[in-house]
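**Student:** Structure incoming, see below.
Values quoted throughout were computed directly from the atomic coordinates according to the rules given, and no laboratory measurement underlies them. The model shown is predicted, which means the values in this text are computed figures rather than measured ones. Cβ sites come from the backbone with ideal geometry, for glycine too, and all protein chains shown count toward neighbours.
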Number of protein chains: 2
Amino acid sequence: MLAAMSLRIALLGLLSTVGPASGYDLAKTFDGSLNHVWQAGHTQIYPELVKMAADGLVTVEAEGARGRKIYAITPEGERELRTWMEEHHPVLPARSEIALQAFLLHLMERDQAIAVVERIRARYQAQLEKLEALRPGRFGRHAHALGLALARAGLQWADDTLTDLGKT
Amino acid sequence: MLAAMSLRIALLGLLSTVGPASGYDLAKTFDGSLNHVWQAGHTQIYPELVKMAADGLVTVEAEGARGRKIYAITPEGERELRTWMEEHHPVLPARSEIALQAFLLHLMERDQAIAVVERIRARYQAQLEKLEALRPGRFGRHAHALGLALARAGLQWADDTLTDLGKT
DNA sequence: GAGTGATATGTAAGTCTTTACATGTCAAGC
DNA sequence: GCTTGACATGTAAAGACTTACATATCACTC
């Protein structure tokens, strides 16, 4: 088992949670409610599903209209998913453009630094509004709460930093 | 100008902040105080510096002992850096193993879910301690504050979630 | 002077991710 | 019947990143 393979886990997790689905469905979910958790486009998802089928983690359960292929998780896939949840020590995201801009703020004139922080603030604000509009059902409740907590913390940091920069 | 190239910006930002440095020095900084902002190993940094020199963003200012090469940022590099800071709209990190585990918590038994959240909590706690031990000087103050805010928010989420899961 | 560990730089292979390209189906409205 | 837009799947090339491999210098200790 490789170190990363979180795309696999995300796909297995979705299939286990919502039941059989097509690559297209899965891509829509990544683009929508799973947006703040894990992102992947269809060009990454389709080949990965083929590989996962070859590895026995999913099967093509049915083929529908328009070439639609419905994938279902296998018992081996469930096992892989559970093993990862039980054993994998998650790492914090190690690359953040926002943190990088925050780190480099000292290079800017005051007015420009304020503009940078205001842009970051807007990003966090938009994220917060997106998550607040989401209202998750029985799934994703905890990830939703985490996303909200992090967005609020980022927003608070932006406001504190604007105060610190002496924004009038 | 490509969309990503944040490694370039991070390198330019460091060179602009601390002055001329070798790839080795820069790798050490990424591994140390810049850890929570941007990460990169020497195998990524060395070839990138060569490309940046070819693009005129940095120059080899001197060669020291042990094949040590000292890179300095050029005026063109400064321009590139400033343009990015002024114009680039940063995106939120879109992939988080922690958020993925949080999203999939509903698949676990209560005891195992608690174990997962406790592992996440330990991660945030460790991050918080690392940042609290850091005491940044004149540089990186804002990124440090942001890192602390996010780590504290994550920790708080973990505690709230443990309560929610009815941890005894 | 031999060994060890920190310093210092690099290449190669493989994986992960994005962007651009390419194809075809089906439903609804005109 | 034609157009448009959502549905649906894929490939190819390029870029970003990790892991493993490879080499050599220098300072210090034994």
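**Student:** Given a Förster distance of 25 Å, report the FRET efficiency between B:Glu86 and A:Glu129 from their Cβ-Cβ distance, rounded to the nearest 0.05.
**Tutor:** The computed FRET efficiency comes out at 0.50.
**Student:** Kirkwood hydrodynamic radius for region A:65-163: how many Å is it when counted over pairs of different Cα atoms?
**Tutor:** 17.0 Å
**Student:** Where the only charges are on Cβ atoms (+1 Lys, Arg; -1 Asp, Glu), what is the dipole of the protein assembly as shown about its Cα centre, to the nearest 20 debye?
**Tutor:** Taking the Cα centre of the protein assembly as shown as origin, the dipole is about 100 debye.
**Student:** While we're looking at this one, here's another question. Using the Karplus curve 6.51 cos²θ - 1.76 cosθ + 1.60 with θ = phi - 60°, work out ³J(HN,Hα) for each residue of region B:32-47 in order, rounded to whole Hz, and write x for Gly and Pro.
**Tutor:** x, 6, 9, 2, 8, 9, 8, 10, 6, x, 5, 5, 8, 6, 4, x
**Student:** Follow-up question, since we're still on this one. Over chain A, with a Gaussian network built from C-alpha contacts below 10 Å, which listed residue (A:Leu134, A:Leu155, A:Leu100) shows the highest mean-square fluctuation?
**Tutor:** Sorting by GNM fluctuation, first place goes to A:Leu100.
**Student:** Using 7 Å Cα-to-Cβ label points, what is the B:Ala94/A:Ala122 separation (nm, one decimal)?
**Tutor:** Going by the 7 Å Cα→Cβ label model, 2.0 nm.
**Student:** For chain A, with a Gaussian network of springs between Cα atoms less than 10 Å apart, report the residue from A:Leu107, A:Leu34, A:Leu146 with the top mean-square fluctuation.
**Tutor:** A:Leu107
**Student:** Using DSSP to define loop residues, name the trypsin sites (Lys or Arg not before Pro) in region B:1-77 whose beta-carbon has at most 14 other beta-carbon atoms within 10 Å.
**Tutor:** The qualifying sites are B:Arg68.
**Student:** On to the next question. What are the distances, in nm and sorted shortest first, from the label point of B:Met5 to the label points of the same position in each other copy, with each label point placed 7 Å from Cα along the Cα-to-Cβ direction?
**Tutor:** So the label point of B:Met5 gives 3.6 nm to the other copies.
**Student:** If you keep only loop residues by DSSP, which trypsin sites (Lys or Arg not before Pro) in region B:116-168 have at most 12 other Cβ atoms within 10 Å of their Cβ? Display every interim value, and only then the final one.
**Tutor:** On the way: sites: B:Arg119, B:Arg121, B:Arg123, B:Lys130, B:Arg138, B:Arg141, B:Arg152, B:Lys167; in loops: B:Arg138, B:Lys167.
Filter output for region B:116-168: B:Arg138.
**Student:** Out of A:Phe103, B:Leu49, B:Gly67, whose Cα points farthest toward the positive end of the dipole of the protein assembly as shown (charges: +1 Lys, Arg; -1 Asp, Glu; placed on Cβ)?
**Tutor:** A:Phe103
**Student:** Give the total of Lys-Lys pairs in the protein assembly as shown with Cα-Cα distances below 23 Å; include a pair only if its members are 8 or more places apart or on different chains.
**Tutor:** Details: A:Lys28/A:Lys51; A:Lys28/A:Lys69; A:Lys28/A:Lys130; A:Lys51/A:Lys69; B:Lys28/B:Lys51; B:Lys28/B:Lys69; B:Lys28/B:Lys130; B:Lys51/B:Lys69.
Value for the protein assembly as shown: 8.
**Student:** Once a ≥ b ≥ c are taken as the square roots of the eigenvalues of the Cα gyration tensor of region A:1-84, is the result rounded (a/c under 1.5), prolate (a/b larger than b/c) or oblate (a/b not larger than b/c)? Please report the intermediate quantities before stating the final value.
**Tutor:** Details: a/c = 1.57, a/b = 1.11, b/c = 1.42.
Note, shape of region A:1-84 comes out oblate.
**Student:** Treating region B:77-127 as a set of equal point scatterers at the Cα positions, no solvent, please give the Debye-formula log₁₀ I(q)/I(0) at q = 0.22 Å⁻¹.
**Tutor:** Per q value, in the given order, log10 I(q)/I(0) is -0.82.
**Student:** Also, quick follow-up: How big is chain B by Rg and Dmax over its Cα atoms, in Å?
**Tutor:** When restricted to the Cα atoms of chain B, Rg and Dmax are 19.9, 62 Å.
**Student:** For region B:1-48, what does the alpha-carbon gyration tensor say about shape, rounded, prolate or oblate, given a ≥ b ≥ c as the root eigenvalues, a/c under 1.5 as rounded, and a/b over b/c as prolate? Show your work: numbers first, answer last.
**Tutor:** On the way: a/c = 1.36, a/b = 1.28, b/c = 1.06.
Rounded, because the longest to shortest axis ratio a/c is under 1.5.
**Student:** Springs between alpha-carbon pairs under 10 angstrom, Gaussian network model over chain A: which of A:Leu15, A:Leu150, A:Leu92 fluctuates most?
**Tutor:** Taking springs between Cα atoms under 10 Å, the residue moving most is A:Leu92.
**Student:** Mind listing the long-range amide H neighbours of B:Tyr71? Cut-off is under 5 Å, sequence gap 5 or more, other chains count too, H placed in the peptide plane at 1.01 Å from N.
**Tutor:** B:Ala21, B:Ser22, B:Gly23, B:Glu61
**Student:** Here's a follow-up. Give me log10 I(q)/I(0) at q = 0.11, 0.12, 0.15 Å⁻¹ for the protein assembly as shown, Debye formula, one equal scatterer per alpha-carbon, no solvent.
**Tutor:** With one equal scatterer per Cα and no solvent, log10 I(q)/I(0) is -0.81, -0.93, -1.25.
**Student:** Note the distances from B:Leu134 to each other copy's matching label point, with points 7 Å along the Cα-to-beta-carbon direction, in nm, sorted shortest first.
**Tutor:** Label point to label point, same position, other copies: 2.5 nm.
**Student:** Next up: If each DSSP helix of 4+ residues adds -39,500 (n - 2.57) and the sum is divided by the residues in chain B, what number results at 222 nm, nearest 500 deg cm²/dmol?
**Tutor:** Value at 222 nm, helices only, nearest 500: -20000 deg cm²/dmol.
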